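*Asks:* Before I ask anything, let me first share the structure, which is written out below as structure tokens.
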Amino acid sequence: MSSALEQMYQELILDHARTPEGKGDPNAHPYTHHELNPSCGDEITVGVSVDDGRITGLAWEGQGCSISMSSASIMSGLLATSTRDEALARIGEFREMMRSRGTIEASEALGDAAAFQNTAKYVMRVKCAMLAWVALEADLKESQAA
């Protein structure tokens with residue numbers, strides 16, 4: 001990855017950390033899940049509403065580093081109106097990219113979440129980036145079982 005692209009991605013991450021999308025009261029939604037990263041103290045709660053298999057509402061609140069907060073923001077913008085199946089597929093793609101340690105490039109379907117490609121090289125940061133995605137995945141699986 002070129003240093004210009006890395007710089008652009010770093011700025012995108014910082015922008016989302018400063019002015020996050022989707023931040024709100026997760027308890028306003030029927031499905032909520034809390035995740036904690038004990039190694040650094042980052043935590044997030046994601047709430048979601050699902051109607052006829054489509055996400056109709058998504059909100060999160062949390063505290064932590066710019067990576068975890070911007071990842072929640074980017075995830076919210078990307079998945080807020082997806083179908084459950086589309087969202088679960090994107091979560092799977094994001095997880096695969098993050099576990100690749102920088103060897104897998106992001107698909108176009110991940111949009112701005114591609115900004116975390118370089119983060120995948122740093123094992124201690126992967127959980128930070130994954131926190132909101134794991135919480136949303138748990139919410140969606142719970143909504144599917146209901």
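The values are calculated or read from the model by the stated rules, or taken from the named source; none is laboratory data. A quick note: this is a predicted structure, and the numbers were derived from the prediction, not measured. Don't worry about glycine lacking a Cβ; one is built from the backbone with ideal geometry, like all the others, and counts go over all protein chains shown. In case anyone asks, the SASA skips ligands and DNA or RNA and just uses the protein heavy atoms, side chains included. Shrake-Rupley method; radii C 1.70, N 1.55, O 1.52, S 1.80 Å.
*Asks:* Return yes when Ala89 is closer than 22 Å to Gly53 by Cα, at pLDDT below 90 and exposed (fewer than 15 other Cβ atoms within 10 Å of the Cβ) and no when it is not.
*Replies:* So Ala89 fails the test.
*Asks:* Going by what's in this entry, would Ala72 be described as open to solvent by 40 Å² or more (accessible area, probe 1.4 Å) and not in a loop (DSSP other than H, G, I, E, B)?
*Replies:* no
*Asks:* Related question: Given Pro30, Pro26, which one is over 21 Å from Lys127 (Cβ atoms) and of a type outside the set (D, E, K, R)?
*Replies:* Checking each option against the conditions leaves just Pro30.
*Asks:* Where in the range 14-64 are there strands (runs of 3 or more DSSP E), lying fully within it, with 1 or more residues that are surrounded by fewer than 18 Cβ atoms within 10 Å (Cβ to Cβ) and touching a Cys at 6+ places or on another chain (Cβ under 7 Å)?
*Replies:* Result: empty, no element qualifies.
*Asks:* Among the residues of the range 94-119 satisfying the criterion of being open to solvent by 50 Å² or more (accessible area, probe 1.4 Å) and either assigned to a helix (DSSP H, G or I) or aromatic (Phe, Trp, Tyr) (or both), which is nearest to Gln7 (Cα to Cα)?
*Replies:* Filtering the range 94-119 for residues that are open to solvent by 50 Å² or more (accessible area, probe 1.4 Å) and either assigned to a helix (DSSP H, G or I) or aromatic (Phe, Trp, Tyr) (or both), the one nearest to Gln7 (Cα to Cα) comes out as Asp112.
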